[in-house]
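Participant: Let me give you the structure first, and then I'll get to my questions.
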Amino acid sequence: MASGSIQYKTEEEIDLIRASALVLAKAHGEIAGMVKEGVTTRQLDKRAEEFIRDHGGVPSFKGYNKFPYSLCLSPNSVVVHGFATDEPLKSGDILSVDCGVYLNGFHSDSAYTYPIGEVKPEVLKLLAETKASLYKGIEQAVSGNRVGDISFAIQNHVARLGYGVVRELVGHGVGAKLHEKPEVPNYGKRGSGPLLQTGLVLAIEPMINLGKKDVVQEADGWTIRTKDRKPSAHFEHTVVVRKDKAEILTSFEYIEKALQQ
């Protein structure tokens, strides 16, 4: 997925990514208020595209390698890259909403997994721990560390709980292209992989399964599902590597506000 050499960003370029990430965060907030029983994922996709375009952006995913939608909408055992459908969401479902925005020549990328109605406690725990693992990974995104430090922090947090860490899909650099080097796996060894330096912008995105790590691809060529059909959670932020503490460019603030209403 990632191509070329590692591209470090100037502060001016980071400002442009930050602007893209703000539109993305607000688009997520717009969708968050709609994620309820009876709503279809096609309705979510339509609203997200309208919102992004109304704010001067372009959905990063639509048309990317011929992907047909603005959002990746992945319910229950779908890990990532799910298609929008006319099937209504129901109580007990979970739904990963992954979105990207292209604005000012730069992409941003973020994902959040929602519980709908009455969700089983063990599934709610999966969501909470996957989200927590994202921040564990982000803590390691500082200058002088290596990609493996991010990977290890994520894996170490969830593996002790018995969850499966997806191997086939990974985080990535992000910037002028949606997928840049380096790849950022959610598993690995401390001190391994490319060196992290200030100005590197990464999409860190744990994809964690309630059951085993194994996944399969559906006949549509996109949808990735857990092999054992158990639920999977996905959370993602776009961050920039800094000297002492990573800066998170995307935000869940608008999502959390919408969910409280």
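The values are calculated or read from the model by the stated rules, or taken from the named source; none is laboratory data. All values derive from a computational prediction rather than experimental measurement. Here the Cβ positions follow ideal geometry from the backbone for every residue, glycine too, while neighbour counts run over all protein chains shown. Only protein heavy atoms, including side chains, enter the accessible area calculation; ligands, DNA and RNA are left aside. Shrake-Rupley method; radii C 1.70, N 1.55, O 1.52, S 1.80 Å.
Participant: Can you name the condition, by its number, that Asp109 falls short on among (1) of a type in the set (Asp, Glu); (2) crowded, with 23+ Cβ neighbours inside 10 Å; (3) part of a helix (DSSP H, G or I)?
Facilitator: (3)
Participant: A further question on this structure: Being surrounded by fewer than 18 Cβ atoms within 10 Å (Cβ to Cβ) and under 26 Å from Tyr64 (Cβ atoms): is that true of Val239 here?
Facilitator: The answer is no for Val239.
Participant: Within region 31-45, can you find the residues that are part of a helix (DSSP H, G or I) and in contact (Cβ under 8 Å) with a residue 24 or more places away in the chain?
Facilitator: Ile31, Ala32, Thr41, Arg42, Leu44, Asp45
Yes/no matrix, rows are residues, columns are (1) in contact (Cβ under 8 Å) with a residue 60 or more places away in the chain; (2) more than 22 Å from Tyr114 (Cα to Cα); (3) aliphatic (A, V, I, L, M):
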| position | (1), (2), (3) |
| --- | --- |
| Gly211 | no, no, no |
| Gln217 | no, yes, no |
| Ala233 | yes, no, yes |
| Ile248 | yes, no, yes |
| Ala258 | yes, no, yes |
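Participant: Need the failing condition index for Phe61 against (1) in contact with a helix residue (DSSP H, G or I) (Cβ under 8 Å, 6 or more places away or on another chain); (2) among the hydrophobic types (A, V, I, L, M, F, W, C); (3) in a loop (DSSP other than H, G, I, E, B), just the number.
Facilitator: (1)
Participant: Given the structure, is Tyr163 at pLDDT 95 or above and either crowded, with 23+ Cβ neighbours inside 10 Å or in contact with a strand residue (DSSP E or B) (Cβ under 8 Å, 6 or more places away or on another chain) (or both)? Give the derivation first.
Facilitator: Details: at pLDDT 95 or above: yes; either crowded, with 23+ Cβ neighbours inside 10 Å or in contact with a strand residue (DSSP E or B) (Cβ under 8 Å, 6 or more places away or on another chain) (or both): yes.
Against the criterion (at pLDDT 95 or above and either crowded, with 23+ Cβ neighbours inside 10 Å or in contact with a strand residue (DSSP E or B) (Cβ under 8 Å, 6 or more places away or on another chain) (or both)), Tyr163 qualifies.
Participant: Checking Pro185 against (1) touching a residue at least 12 places away in the same chain (Cβ under 8 Å); (2) surrounded by fewer than 20 Cβ atoms within 10 Å (Cβ to Cβ), which single condition isn't satisfied?
Facilitator: All conditions pass for Pro185, except number (2).
Participant: Shifting gears a bit: Please specify each residue of region 50-91 satisfying the condition of being closer than 23 Å to Ile17 by Cβ, surrounded by 13 or more Cβ atoms within 10 Å (Cβ to Cβ) and of a type in the set (S, T, N, Q).
Facilitator: Matches in region 50-91: Ser60, Ser70.
Participant: Okay, moving on. Please enumerate the residues belonging to region 116-139 that are open to solvent by less than 60 Å² (accessible area, probe 1.4 Å) and in contact (Cβ under 8 Å) with a residue 60 or more places away in the chain.
Facilitator: Ile116, Gly117, Val123, Leu126, Leu127, Glu129, Thr130, Lys131, Ser133, Leu134, Gly137, Ile138
Participant: Answer yes or no: is there a residue in region 168-178 that is surrounded by fewer than 21 Cβ atoms within 10 Å (Cβ to Cβ), of a type outside the set (S, T, N, Q) and free of Cβ contacts under 8 Å to residues at least 60 places away in the same chain.
Facilitator: Yes - at least one qualifying residue is present in region 168-178.
Participant: A further question on this structure: Evaluate region 5-22: report whether one residue or more is open to solvent by 20 Å² or more (accessible area, probe 1.4 Å), assigned to a helix (DSSP H, G or I) and either among the small types (Gly, Ala, Ser) or closer than 29 Å to Asp214 by Cβ (or both).
Facilitator: Yes, some residue in region 5-22 is open to solvent by 20 Å² or more (accessible area, probe 1.4 Å), assigned to a helix (DSSP H, G or I) and either among the small types (Gly, Ala, Ser) or closer than 29 Å to Asp214 by Cβ (or both).
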